[in-house]
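First the structure, in the form of structure tokens, and then the observations on it.
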Amino acid sequence: MKILSIVGARPQFIKLASLSKKLKQFHDEIIIHTGQHFDKEMSDLFFKELEISKPDYNLEINSGNHGEQTGRMLIEVETVVLKEKPDIVIVFGDTNSTLAGALVASKLHIPAIHIEAGLRSFNRNMPEEINRIIADHTSDYLFAPTQIAIKNLCAEDLSSKSYLTGDIMVDSHRSAMLKVQDDESLFKYSINKNNYYLLTLHRPYNVDNPALLNRILFELGKLNGKIVFPVHPRTNNIINQNNIIIPSNFIITKPLGYLDFVSLQSNSYKIITDSGGIQKEAYILKKPCITLRSETEWVETVNAGWNLLINPSIESYYAEKIESFSPSLKYENIFGENVTTKMIEIINNIS
Ligand code: UD1
Ligand code: UDP
């Protein structure tokens, strides 16, 4: 079959990495990169490190408000789909690139697979929540990462097209872990194993308001220990435009490649984030995770006692809570195993 994979943002390259390798063994795979993420360290580095084939199309669409960005993606993705006439389109996660890909496929009556289907934060102020709901309702094959995702899909009457595959990032993460050289990153940042926090922030509700971002960084500055902070470009722009002060216990870096980042995760003491993917990876690595959000779509990690939610816009003095957070000893496999193989088996049976 001719299969068209559509990606655009950092976490989608990571998800594509393991699937694309297997897809290419059985099918003719074409990759569209919408261009949503474009800095070398947000895009090219992932293709190189994770050995993903160069995209067949890079649409270079990366500016504008949501409507403009998604609208331009719709126009250009449709042009490619009409030209390539794929048998199947695959979209990943919940970004604007996901939304555009799913809508184009649906309007052109091309079967679409949505990978990471069924997630719900139940917060419709997040652009991702809208994107994932639409992608689920317009796609034909919903690959759900967890039981709760399946439950969410059933609640929206989507069970007949849902498959419990597990989470594709399990496989990408495992491959990366096999490649990382543990000590390199510790040496590079003069930090010691299990003795630093790893921080990422990029959710608009945390970083787009400079006063809140300032307060978050100030609060984290009270933590006893170093904080390694690879700064997402959205966050970097706000820090620079508003001269936000970085506390002295922070080690600031550019966004890191996946191997460096995975290595820093696995050696960290605790992980502090508002990222979706990082909450999962922290759980996979059995690292205490503090999520700076009021809710999460990865509720299993919270229920299991490994992920503490802190809403930074209403809570103060949370450094103490972060320091004292100690996960339960309970641990079960939430995200599955051999996920790529399961997905490929389903795809190979689509005719
Ligand atoms: C996007 C996704 C979000 C995902 C995140 C992963 C949407 C609505 N949001 O958020 O779901 O969690 O990616 O990281 O699709 N920028 C650069 N260089 C880059 C990338 C972005 O300068 O390589 C700038 C953009 O120009 C923009 C800002 O960062 O000003 C935000 O980028 P955008 O892709 O719109 O949203 P993200 O916050 O990255
Ligand atoms: N990541 C990375 N380098 C970094 C920060 C994150 O490789 O500097 C990886 C991280 O391991 C995870 C993914 O990027 O797999 C998460 O992406 P992000 O937080 O941008 O998006 P989200 O998952 O929230 O959509």
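Taking every alpha-carbon pair within the stretch 172-241, the share separated by more than 16 Å comes to 59 percent. When exposed loop sites are taken as GluC sites (Glu not before Pro) in a DSSP loop with at most 12 other Cβ atoms within 10 Å, the longest stretch of the chain clear of them is 52-331. Annotation for the stretch 93-155: chymotrypsin sites (Phe, Trp or Tyr not before Pro) lying in DSSP loop with at most 11 further Cβ atoms inside 10 Å of their Cβ are F122.
At 222 nm, what value in deg cm²/dmol follows for the chain if DSSP H runs of at least 4 each add -39500 (n - 2.57) and the sum is divided by all its residues, to the nearest 500? Walk me through the numbers before you get to the answer.
Working: 16 runs with 158 residues, N = 351.
That calculation yields -13000 deg cm²/dmol at 222 nm.
Take the alpha carbon gyration tensor of the stretch 1-135, find the square roots of its eigenvalues, order them as a ≥ b ≥ c, and report rounded if a/c is under 1.5; if not, report prolate when a/b exceeds b/c, else oblate. The shape class here is rounded. Return the loop-located trypsin sites (Lys or Arg not before Pro) in the stretch 279-351 (DSSP other than H, G, I, E, B) with at most 14 other Cβ atoms within 10 Å of their own Cβ; answer none if there are none. Answer in residue order: K286, K330. Considering only Y205, L292, F261, the residue lying farthest towards the positive end of the dipole of the stretch 199-311 is F261, judged by Cα position with unit charges set on Cβ. When the chain is modelled as a GNM with alpha-carbon springs shorter than 10 Å, which of Y269, Y205, Y283 fluctuates the most? Looking only at Y269, Y205, Y283, the largest GNM fluctuation is found for Y205. The charge dipole of the chain, taken about its Cα centre with unit charges on the Cβ atoms of Lys, Arg (+1), Asp and Glu (-1) only, comes to about 480 debye. Placing +1 on each Lys and Arg Cβ and -1 on each Asp and Glu Cβ, with no other charges, gives the stretch 276-351 a dipole about its Cα centre of roughly 120 debye.
Once you have a ≥ b ≥ c as the square roots of the Cα gyration tensor eigenvalues for the chain, tell me rounded if a/c is under 1.5, and otherwise prolate or oblate according to whether a/b is larger than b/c.
Here the chain falls in the prolate category.
Of the residues I244, A135, N123, the one whose Cα sits farthest toward the positive end of the charge dipole of the chain, with +1 on the Cβ of Lys and Arg and -1 on the Cβ of Asp and Glu, is I244.
Given charges of +1 on the Cβ of Lys and Arg and -1 on the Cβ of Asp and Glu, with all other atoms neutral, how large is the dipole of the stretch 88-198 about its Cα centre, in debye to the nearest 20?
Charge dipole, the stretch 88-198, about its Cα centre: 40 debye, nearest 20.
Does the stretch 1-78 classify as rounded, prolate or oblate by the C-alpha gyration tensor (a ≥ b ≥ c root eigenvalues; a/c under 1.5 gives rounded; else a/b over b/c gives prolate, otherwise oblate)? In terms of gyration-tensor shape, oblate. Indicate, rounded to the nearest 5 percent, the antiparallel portion of the DSSP beta bridges found entirely in the chain. Here the antiparallel bridges make up roughly 0 percent for the chain. Close amide H contacts of S268 (hydrogens built in the peptide plane, cut-off under 5 Å, sequence separation of 5 or more or a different chain): N194.
None of the figures in this text is laboratory data; all of them are computed from the coordinates on show. This one's a predicted model, so the numbers in the text were calculated from it and none came from an experiment. Cβ atoms come from the backbone with ideal geometry, glycine included; neighbour counts cover every protein chain shown.
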